[in-house]
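So the structure is just underneath, and the comments pick up after that.
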């Protein structure tokens with residue numbers, strides 16, 4: 001059995017950088033790495049790196065959204081920061097779940113675990129940054145919560161594999177200026193410091209960032225793993241909606257859960273008759289307006305929930321998020337027709353139209369205009 005950590009050294013005097021960390025959880029309590037569903041290859045890479053004794057200091061966890069990258073990052077950090085982590089009788093690395101370190105991590109109060117997300121914006125030392133909408137991860141947040149604390153000694157130093165762990169979630173939300181600001185830290189962090197960038201859009205990271213990191217690929221879950229995961233969640237779904245959500249998720253538990261929470265099946269039911277007409281070459285004039293209305297309503301509700309939580313959520317970012325969900329819903333339906341020789345041409349045209357719509361969204365074209373262009377592109381016959 002792993003040795004328990006029973007004492008804790010007195011932490012050195014801390015700077016204002018660390019004293020001002022928010023008293024809110026930036027992550028769910030970690031699970032064991034062996035409980036991360038459907039990512040055995042990625043988990044094997046992480047465990048082998050720990051056992052090798054040559055742990056790289058900078059990592060990129062990349063792959064589709066919602067497949068367990070961030071969950072694995074926090075769970076791995078819990079092992080790296082705990083001196084009780086050691087091989088069990090079967091040679092598998094384990095930590096003592098009741099150790100002092102695990103209690104701190106579960107409570108979100110471990111002084112050497114830093115989770116950096118756009119939701120840190122309201123807690124910046126810079127008043128101007130605090131007033132920003134939560135659209136990205138500003139450079140100032142990276143300096144406050146990564147660059148400065150990474151230069152300090154660990155507060156707890158009891159022989160763990162890593163002294164400090166920094167996790168940047170949705171790292172693609174860091175612009176080029178912010179990415180350049182962390183290059184030196186990525187290249188030469190303090191002793192025992194480990195940095196993990198979690199991203200579903202690795203192509204948006206600079207080549208200079210990618211070249212400094214060891215990459216770990218996370219993939220969509222297979223059908224068996226998805227069934228196991230869904231069976232643990234207690235969703236109350238009828239067979240028809242259950243089937244639709246499973247197909248829509250495409251092997252992503254996070255995508256499945258987000259779709260259920262947002263009631264995307266009701267979106268599907270509302271737009272499907274009109275979308276089918278568009279894919280037959282008709283032009284349902286009302287489809288663009290219906291899609292825009294669903295997007296606007298979802299975004300407004302999302303911002304209101306943020307207001308109740310004290311979060312300064314961006315309506316623009318909410319519109320983008322809802323529009324992306326709408327486009328993924330349409331793309332999913334189009335993909336279903338690719339195997340049918342009678343529908344494959346229209347399906348490819350629809351997928352091309354969705355691709356153009358996503359490009360327009362990235363260039364800040366109004367989502368209402370994007371939806372109108374989308375309907376025209378789907379229904380057009382050359």
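The values are calculated or read from the model by the stated rules, or taken from the named source; none is laboratory data. Because the structure is a prediction, the values reported are computed rather than measured. Please note: Cβ atoms are built from the backbone with ideal geometry, for glycine as well, and neighbour counts cover all protein chains shown.
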What single numbered condition from (1) assigned to a helix (DSSP H, G or I); (2) closer than 30 Å to residue 130 by Cα; (3) touching a helix residue (DSSP H, G or I) at 6+ places or on another chain (Cβ under 8 Å) fails to hold for residue 248? (2)
Can you find even one residue in the range 43-55 that is free of Cβ contacts under 8 Å to residues at least 40 places away in the same chain and on the phi > 0 side of the Ramachandran plot? yes
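Conditions tested, residue by residue: (1) within 24 Å of residue 185 (Cβ to Cβ); (2) modelled with pLDDT of 95 or more; (3) assigned to a strand (DSSP E or B); (4) touching a helix residue (DSSP H, G or I) at 6+ places or on another chain (Cβ under 8 Å).
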| position | (1), (2), (3), (4) |
| --- | --- |
| 28 | no, no, no, yes |
| 34 | no, no, no, yes |
| 41 | no, yes, no, no |
| 46 | yes, yes, no, yes |
| 61 | yes, yes, yes, yes |
| 66 | no, yes, no, yes |
| 72 | yes, yes, no, yes |
Would you check if there is a residue in the range 284-298 being surrounded by 14 or more Cβ atoms within 10 Å (Cβ to Cβ), in contact with a helix residue (DSSP H, G or I) (Cβ under 8 Å, 6 or more places away or on another chain) and over 28 Å from residue 343 (Cβ atoms)? yes
When you check residue 246 against the structure, is it out of contact with any strand residue (DSSP E or B) (no Cβ under 7 Å at 6 or more places or on another chain), closer than 23 Å to residue 334 by Cβ and modelled with pLDDT of 95 or more, yes or no? yes
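Yes/no per residue for (1) surrounded by 23 or more Cβ atoms within 10 Å (Cβ to Cβ); (2) more than 17 Å from residue 48 (Cα to Cα):
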site	(1), (2)
73	yes, no
86	no, no
106	no, yes
115	yes, yes
118	no, yes
124	no, yes
128	no, yes
135	no, yes
Given the structure, is residue 93 buried (at least 19 other Cβ atoms within 10 Å of the Cβ), touching a residue at least 12 places away in the same chain (Cβ under 8 Å) and under 28 Å from residue 64 (Cβ atoms)? no
Scan the range 153-172 and tell me whether some residue there is within 22 Å of residue 311 (Cβ to Cβ) and loosely packed, with under 15 Cβ neighbours inside 10 Å. no
Checklist (1) assigned to a loop (DSSP other than H, G, I, E, B); (2) under 21 Å from residue 67 (Cβ atoms); (3) at pLDDT 95 or above applied to residue 234, failing item: (3)
Considering only the range 139-186, state which residues are part of a loop (DSSP other than H, G, I, E, B) and touching a strand residue (DSSP E or B) at 6+ places or on another chain (Cβ under 6 Å). 154, 162, 169
Tell me, yes or no, whether the range 352-362 has at least one residue that is surrounded by 14 or more Cβ atoms within 10 Å (Cβ to Cβ) and either touching a residue at least 60 places away in the same chain (Cβ under 8 Å) or assigned to a loop (DSSP other than H, G, I, E, B) (or both). no
Pick out the one residue from 189, 220 that is part of a loop (DSSP other than H, G, I, E, B), touching a helix residue (DSSP H, G or I) at 6+ places or on another chain (Cβ under 6 Å) and surrounded by 14 or more Cβ atoms within 10 Å (Cβ to Cβ). 189
